[in-house]
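Please read the structure below before turning to the comments.
The values are calculated or read from the model by the stated rules, or taken from the named source; none is laboratory data. Everything quoted here is computed from the prediction, not taken from an experiment. In this analysis, Cβ positions are derived from the backbone assuming ideal geometry, glycine residues included, and neighbour counts consider all displayed protein chains. Calculation scope for accessible area: heavy atoms of the full protein, side chains included, ligands and nucleic acids excluded. Shrake-Rupley method; radii C 1.70, N 1.55, O 1.52, S 1.80 Å.
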Amino acid sequence: MSFENYIIISEEVKEAINGNKAVVALESTIISHGMPYPQNYDTALLVENTVRKNNAVPATIAIIDGKIKVGLSLRDLEIISTGKNILKASRRDLPVIISKKLNAATTVSATMICAALASLKIFATGGIGGVHRNAQNTFDISADLKELSITNIAVVSAGVKSILDIGLTLEYLETMGVPVIGYRTDEFPAFYTRQSGYKVNYRLDSPEEIAEAMKVKRELGLNGGMIIANPVPEEFSMDKKIIDEAIEASLTKADKNNIKGKDVTPFLLSEINNITGGTSLESNIRLVMNNAKLAAEIIVRSV
Ligand code: PSU
Ligand code: MN
């Protein structure tokens, strides 16, 4: 038995891999646990189309009936968008979810693992997980960060939301040896806003330069990912005061309701969506599309 028994790569993605064409992996937790239906389903398709428009093939990843699927059918997308029993899978969840033949959306960490099994090199998402505020007491640090230190996939994101401690997240990434590259920015972005008050390690201004840095990393055998931080386009960024207030209110509510473990992030995301309504959702959708476009631009220069 090998891992091939657990993975189904779609025809479109298989053809692209065999033909050495550019492929962009996409995660599914953002669909199942990060946005409401039906906007989540529409967004999944919009993001896939953005990748296609930029000359690459999208490979959305999820676990359906215990199979790792790389490249989802419309039916699969519908299941993860509407299904009630869609679990949230990070690294530690994969063995049981797969052996019990369950359905799950994959987080950044699990998506990186599955994408690497399919030999993919880049992955686009909205925001990655990180070190939560007050982690010195809760120990709540996303498995995404550890994954970024071991699995060879570059991740394009709009930074992290300030539901997290952004400073501690960057410190952790430094300890783990993960390069944090700003695309046309000196500052690490905070998802809904372009600024966080923290610097990136390096600023690179073209997809070619990023592709080159990825190549050097690969050829030196430096295992682990790379974070490409791509700020939300100015016209879709949010008012800092509005989003900060929504985040504070969500954190207070999570604390009051004693939300713990893997439920923390989905709870906060849905609270923020409820408080800010359409504005944050629109901004979220646009920044994911923007990340998918950049991921495609980088990977077409890498194949
Ligand atoms: N942060 C966001 N949006 C998201 C997530 C995080 O701004 O959709 C999702 C991603 O799938 C990420 C996961 O990998 O949540 C992290 O969850 P946790 O904090 O439980 O590790
Ligand atoms: Mn956590």
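When a/c reaches 1.5 or more, the comparison of a/b and b/c decides; with that in mind, is the range 55-174 rounded, prolate or oblate per its Cα gyration tensor? In terms of gyration-tensor shape, prolate. Working from label points 7 Å from Cα in the Cα-to-Cβ sense, the Ser119 to Ser270 distance is 4.0 nm. Within the range 1-44, find all residues whose amide N lies under 17 Å from a label point positioned 7 Å from the Cα of Asp65 along Cα-to-beta-carbon. Within reach of a label on Asp65: 5-11.
Using a 1.4 Å probe over the heavy atoms of the protein chains, calculate the carbon and sulfur portion of the accessible area of the chain as a whole percent. Whole-percent figure for carbon plus sulfur exposure: 51. Per residue of the chain, the DSSP helices (runs of n ≥ 4 H) give a summed -39500 (n - 2.57) that works out to -14000 deg cm²/dmol at 222 nm.
Rolling a 1.4 Å sphere over the protein heavy atoms, what is the accessible area per residue of the range 91-172, to the nearest Å²?
On a per-residue basis, 36 Å².
Judged by the gyration tensor of its Cα atoms, with axes a ≥ b ≥ c, the range 115-161 is oblate; a/c meets the 1.5 cut and b/c is at least as large as a/b.
So for the chain, what are the equivalent ellipsoid semi-axes in whole Å, largest first, each being the square root of 5 times an eigenvalue of the Cα gyration tensor?
Equivalent-ellipsoid dimensions as semi-axes: 26, 23, 19 Å.
Taking Lys262, Lys84, Lys69 and ordering them by how much accessible surface each has at a 1.4 Å probe, largest first, produces Lys84, Lys262, Lys69.
Scale the Cα Rg of the range 232-288 by the rule-of-thumb value 2.2 N^0.38 Å and send over the ratio, two decimals.
1.17
Below 8 Å, C-alpha to C-alpha, sequence gap of six or more: please give me the relative contact order for the chain in percent.
Once divided by the residue count of the chain, the mean separation gives 20 percent.
In a fully extended conformation the segment linking Glu282 and Lys21 would gain 90.9 nm over its present Cα-Cα distance, using 0.36 nm per residue. Note on Arg184 and Lys240: the model spin-label points, each 7 Å out from Cα along the C-beta direction, lie 2.1 nm apart.
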